[in-house]
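K.L.:
Please see the structure below; I have some questions.
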Amino acid sequence: MAIYDLKAPFRDEDICALRIGDQVTLTGEAFTCRSKLQRTVFDENKKLPDRYRPIRTLIHTGPIVNVYQDRYELVSFMPTSSVRFEKWGARSVREWNLQVIVGKTTMGPDTMAAMKAYHCVHLSPQSVSPNLWLDSIRILGVNWFDEMGSIEAPWLLELDRLGPFVVDIDTEGNNLFDEMDLHVQENKLNVYKSLGIPEDFKPTKLH
């Protein structure tokens with residue numbers, strides 16, 4: 001396991017050097033994304049605002065933000081589950097030219113294939129810490145606030161060593177959660193064998 005402090009704009013070789021299990025902090029611009037943004041752009045064919053196009057870090061989150069006349073106040077920030085956005089994952093990697101996606105859990109096979117082809121990684125938080133990261137995030141602005149609301153609107157952010165995150169999908173097509181599942185299954189079978197339980201044992205369902 002290696003530890004990296006990544007600063008945007010990222011070099012392609014820096015992204016390709018990441019491997020599952022590595023720890024990463026992020027510095028530079030990012031934008032938030034949930035279902036409504038992807039549905040608006042990919043299903044309803046509305047153009048992503050030009051301000052977002054150079055930004056290559058996407059965070060699956062709906063931050064809690066107090067909006068005042070002259071400023072924004074970030075109240076709570078925590079990435080949400082990425083796999084539920086799998087429908088649009090591959091297109092977001094390709095069409096938004098992404099290098100980094102941040103979110104809980106993982107992504108599916110189509111997005112993983114796009115990540116391998118276009119050199120993008122997925123990062124997961126190592127803890128549930130919705131208030132610990134506030135000092136590492138500055139809000140630069142927001143688009144489509146009235147149309148989408150605070151949670152779904154795409155917020156523009158400036159990150160300052162946000163993290164640490166763990167690399168759970170790398171550009172070689174490796175998936176940390178898939179490997180963990182294999183280890184769990186292996187360990188389960190070893191425990192079954194030590195206890196004399198047959199491998200095809202199924203727990204009793206109480207219903």
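K.L.:
Across region 109-139, what is the number of residues that are over 22 Å from D12 (Cβ atoms) and out of contact with any helix residue (DSSP H, G or I) (no Cβ under 9 Å at 6 or more places or on another chain)?
P.N.:
Residues flagged as over 22 Å from D12 (Cβ atoms) and out of contact with any helix residue (DSSP H, G or I) (no Cβ under 9 Å at 6 or more places or on another chain) within region 109-139 amount to 15.
K.L.:
Among the residues of region 16-28, write down those that are crowded, with 19+ Cβ neighbours inside 10 Å and within 17 Å of L98 (Cα to Cα).
P.N.:
Scanning region 16-28 gives L18, V24, L26.
K.L.:
Same structure again: Residues of region 81-95 being surrounded by fewer than 17 Cβ atoms within 10 Å (Cβ to Cβ) and not in a helix (DSSP H, G or I), which ones?
P.N.:
Passing the criteria: only S81.
K.L.:
Of everything in region 1-59 that's touching a Gly at 6+ places or on another chain (Cβ under 9 Å) and small (G, A, S), which residue is nearest to R138 (Cα to Cα)?
P.N.:
Among residues in region 1-59 that are touching a Gly at 6+ places or on another chain (Cβ under 9 Å) and small (G, A, S), the one nearest to R138 (Cα to Cα) is A8.
K.L.:
A follow-up question, please. What are the residues in region 152-177 that are exposed (fewer than 15 other Cβ atoms within 10 Å of the Cβ) and either over 30 Å from K116 (Cβ atoms) or free of Cβ contacts under 8 Å to residues at least 40 places away in the same chain (or both), if any?
P.N.:
Hits for region 152-177: nothing passes.
K.L.:
Additional query: Among the residues of region 1-43 satisfying the criterion of being closer than 18 Å to S92 by Cα and of a type in the set (D, E), which is farthest from the chain's Cα centre (by Cα)?
P.N.:
So the residue we want is D43.
K.L.:
Restricting the search to region 1-45, which residues are assigned to a helix (DSSP H, G or I), closer than 24 Å to D146 by Cβ and touching a residue at least 60 places away in the same chain (Cβ under 8 Å)?
P.N.:
Correct list: S35, K36, L37, T40.
K.L.:
Shifting gears a bit: Return the residues of region 158-174 that are modelled with pLDDT of 95 or more and part of a strand (DSSP E or B); say none if nothing qualifies.
P.N.:
Scanning region 158-174 gives E158, L159, D160, R161, L162, F165, V166, V167, D168, I169.
K.L.:
I've got another one for you. Kindly evaluate G141 against the criterion of being closer than 22 Å to R53 by Cβ and touching a residue at least 12 places away in the same chain (Cβ under 8 Å).
P.N.:
yes
K.L.:
Within region 46-80, count every residue that is in a strand (DSSP E or B) and either exposed (fewer than 13 other Cβ atoms within 10 Å of the Cβ) or among the acidic types (D, E) (or both).
P.N.:
So the count comes out to 4.
K.L.:
Give me a count of the residues in region 101-114 that are under 16 Å from L37 (Cβ atoms) and part of a strand (DSSP E or B).
P.N.:
2
K.L.:
Next question, about the same structure. Which one of these does L98 not meet: (1) buried (at least 16 other Cβ atoms within 10 Å of the Cβ); (2) assigned to a helix (DSSP H, G or I)?
P.N.:
If we test L98 against (1) buried (at least 16 other Cβ atoms within 10 Å of the Cβ); (2) assigned to a helix (DSSP H, G or I), just (2) comes out false.
Here is a yes/no grid of residues against (1) closer than 24 Å to N131 by Cα; (2) not charged (D, E, K, R):
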{"residue": "I3", "(1), (2)": "yes, yes"}
{"residue": "L6", "(1), (2)": "yes, yes"}
{"residue": "L26", "(1), (2)": "yes, yes"}
{"residue": "E29", "(1), (2)": "yes, no"}
{"residue": "T40", "(1), (2)": "no, yes"}
{"residue": "E44", "(1), (2)": "no, no"}
{"residue": "R51", "(1), (2)": "no, no"}
{"residue": "I59", "(1), (2)": "yes, yes"}
{"residue": "S76", "(1), (2)": "yes, yes"}
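K.L.:
Next up: Only one residue in L123, L140, L98 is among the aliphatic types (A, V, I, L, M), closer than 16 Å to R56 by Cβ and touching a Ser or Thr at 6+ places or on another chain (Cβ under 9 Å), so which one is that?
P.N.:
L98
K.L.:
Assess whether V75 counts as being without any contact (Cβ under 8 Å) to a residue 60 or more places away in the chain and among the aliphatic types (A, V, I, L, M).
P.N.:
yes
The values are calculated or read from the model by the stated rules, or taken from the named source; none is laboratory data. Just so it is clear, the model here is predicted, and its values are computed rather than measured. Cβ: placed from backbone, ideal geometry, glycine included. Neighbour counts: every protein chain shown.
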